[in-house]
1. Tell me the per residue accessible area of the chain using a 1.4 Å probe; a whole number in Å² is fine.
2. Please state, as a whole number in µm²/s, the translational diffusion coefficient that the Stokes-Einstein equation yields for the chain at 10 °C and 1.306 mPa s, with Rh defined as the Kirkwood radius across alpha carbon pairs.
3. Would you mind counting up the charge near residue 30? Only other residues with Cβ under 14 Å from its Cβ, with Lys and Arg at +1 and Asp and Glu at -1.
4. Amide H neighbours of residue 54 under 5 Å, counting only residues 5+ apart in sequence or on other chains, H built in-plane at 1.01 Å?
5. Rank 21, 15 by accessible area, highest first, at a 1.4 Å probe radius?
6. Residues with beta-carbon under 15 Å from that of residue 59, excluding residue 59: net charge, scoring Lys, Arg +1 and Asp, Glu -1?
Amino acid sequence: MAKIKVTKVKSAINRTANQKRILEALGLKKIGQTKVHEDTQSILGMINKVQHLVSVETE
């Protein structure tokens, strides 16, 4: 399975509670923080919901 690198690039202030929970579930708390995840359907769905707040790179 492929890996993807997710980096938080924008703040979650003035975002919906659902988007804030998704960022927490991805393990992203601070701007500039990066986490590596497996390329699964559930992770891709979460990234799709907050795509305006994160940047994604493949490894």
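1. Accessible area per residue: 68 Å².
2. 141 µm²/s
3. Neighbour charge sum, excluding residue 30 itself: +4.
4. So residue 54 has HN proximity to 9.
5. The most accessible residue leads, giving 21, 15.
6. That works out to 0.
The values are calculated or read from the model by the stated rules, or taken from the named source; none is laboratory data. Not measured: the values here are computed from a predicted model. We place every Cβ from the backbone using ideal geometry, glycine too, and count neighbours over all the protein chains shown. Note: areas computed on protein heavy atoms with side chains; ligands, DNA, RNA excluded. Shrake-Rupley method; radii C 1.70, N 1.55, O 1.52, S 1.80 Å.
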